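Scroll down for the structure; my scribbles are underneath it.
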Amino acid sequence: MTYPKWLAWSQRIQAIAQSGLQYTQNTFDTERFRELSHIAAEIMAVQTESDAGEVLQVFSAQAGYATPKLDVRGVVFKDDKILLVRELLDGGAWTLPGGWIDINEPPSVAVERELREEAGVIVKAKKLLAVFDRNLHGHPPYPFHAYKLFFLCDLIAEATPDPIETSDPTYFAENKLPSLSLARVTPEEVKRMFVHHRQPDLPTDFD
């Protein structure tokens, strides 16, 4: 799947600017890299009908050498149905439980934590089903390049969830999926998880 050229340009320009600001010691180059960041923010703002100043604030909060961000999503099945949670911050759309990996946190620990926090389930990460480039799988534009890691998890126990950003953990059949939060997961990705469920010997998907 292709993704907009303007998104790739904006992400690349911002990455060059961020990495350049990290390493340059030249005052003039510092100003040039800041200008590149402004240009990236303007591209992103025009194409997404956002405020360039707000986009620039998001960009400016980043520091160090620019690398892709890592998002984990937990895949739990019960009775051939998949566990989803409702996103309170996205109009009540649904998603696989998950979120950003914290610093010094192994991916398996991150997905187990997210499932406990968002869905109230205690799980054990079992297999990495997919590593997807977010730009290539139908998600709406996002300021930063990101990879999405989908982990199959064994259900150990269920508890009472106490989430802040999600609610209503529910198991859905493949032919009865609700409206999904496309910023977090797409119908194609969820359906691919069902394929892995039916064919457990499949290797990990990537790209």
When only residues in the stretch 176-193 that are hydrophobic (A, V, I, L, M, F, W, C) and in contact with a strand residue (DSSP E or B) (Cβ under 7 Å, 6 or more places away or on another chain) count, which is surrounded by the most Cβ atoms within 10 Å (Cβ to Cβ)?
185
Taking the residues in the stretch 147-161 that are over 14 Å from the mean Cα position of the chain (by Cα) and under 26 Å from residue 203 (Cα atoms) as candidates, determine which candidate is surrounded by the most Cβ atoms within 10 Å (Cβ to Cβ).
153
How many residues does the stretch 17-62 hold that are within 19 Å of residue 147 (Cα to Cα) and among the hydrophobic types (A, V, I, L, M, F, W, C)?
2
If we scan the stretch 162-175, do we find a residue that is more than 23 Å from residue 110 (Cβ to Cβ), loosely packed, with under 13 Cβ neighbours inside 10 Å, assigned by TED's automatic domain parsing to the domain that holds residue 93 and out of contact with any Pro (no Cβ under 8 Å at 6 or more places or on another chain)?
yes
Across the stretch 70-97, the tally of residues that are in a strand (DSSP E or B) and either in the same structural domain as residue 15 (by TED's automatic domain parsing) or surrounded by 15 or more Cβ atoms within 10 Å (Cβ to Cβ) (or both) stands at 16
Run residue 105 past the list (1) out of contact with any helix residue (DSSP H, G or I) (no Cβ under 8 Å at 6 or more places or on another chain); (2) outside the structural domain of residue 16 (by TED's automatic domain parsing); (3) not hydroxyl-bearing (Ser, Thr, Tyr) and report the number of the one that doesn't hold.
(1)
Taking the stretch 3-41 on its own, how many of its residues are over 18 Å from residue 64 (Cα atoms) and without any contact (Cβ under 8 Å) to a residue 12 or more places away in the chain?
2
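The values are calculated or read from the model by the stated rules, or taken from the named source; none is laboratory data. What you see is a predicted model, and the numbers here were worked out from it, not measured in a lab. Methodologically, a virtual Cβ is constructed for each residue, glycine included, from the backbone with ideal geometry; neighbour enumeration extends over all protein chains shown.
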